[in-house]
Amino acid sequence: MAELMLFRQDADGRDVGLSGSTVALEVELQRRVEAGLEQMLGIRFVASEYATGPWHRGRIDTLGLDENGSPVVIEFKKGSDSGVLSQAVSHMAWLRSAKHEFEALVRKVLGAEVAESIDWRRPRMVCIAAGFSHHDRVAVQ
């Protein structure tokens, strides 16, 4: 397994490796991706660490809206966790069952006009991990 390495820029603009536990690096990666979400992936940020309630019993790493107005669930994993895909699929199930809740969240964060133009036909999930299992790749195809 490849080691996850993150960098930050120091005051002189040089890249400096970040040290710390893998969990801390996962959180740092999530924060950095969220900070540049629209520039990197064309996704507007809606929420971070969003609780899915008692039935789904989860926490969505990042929620967003893509350039077409489609909802996006983003899941981060520190390693090659074979559960990343099933967790993202579970979050997609929550998303489909909680349309009004998601719309209210978008209304609060991005405004009423954006919330009214959400396109529910093709919600997306993005999984960011150190690696993916063979079964994950097959399932995606």
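The numbers here are math on the coordinates, done by the rules we state, and not lab data. Values in this document were obtained by computation on a predicted structure and should not be read as measured data. No Cβ is skipped: glycine too gets one built from the backbone with ideal geometry, and neighbour counts run over all protein chains shown.
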Inset, instruction - Would you list, by chain and number, the aspartates and glutamates whose Cα falls below 18 Å from the Cα of K78, excluding same-chain residues fewer than 8 positions away? - result: E3, E26, E28, E34, E49, D61, D136
Inset, instruction - Compute the signed sum of charges (Lys and Arg +1, Asp and Glu -1) over the other residues within less than 14 Å, Cβ to Cβ, of T52. - result: 0
Inset, instruction - Once you have the Cα-Cα distance between A104 and V140, take 0.36 nm times their residue separation minus that, and quote the gain in nm to one decimal. - result: 10.0 nm
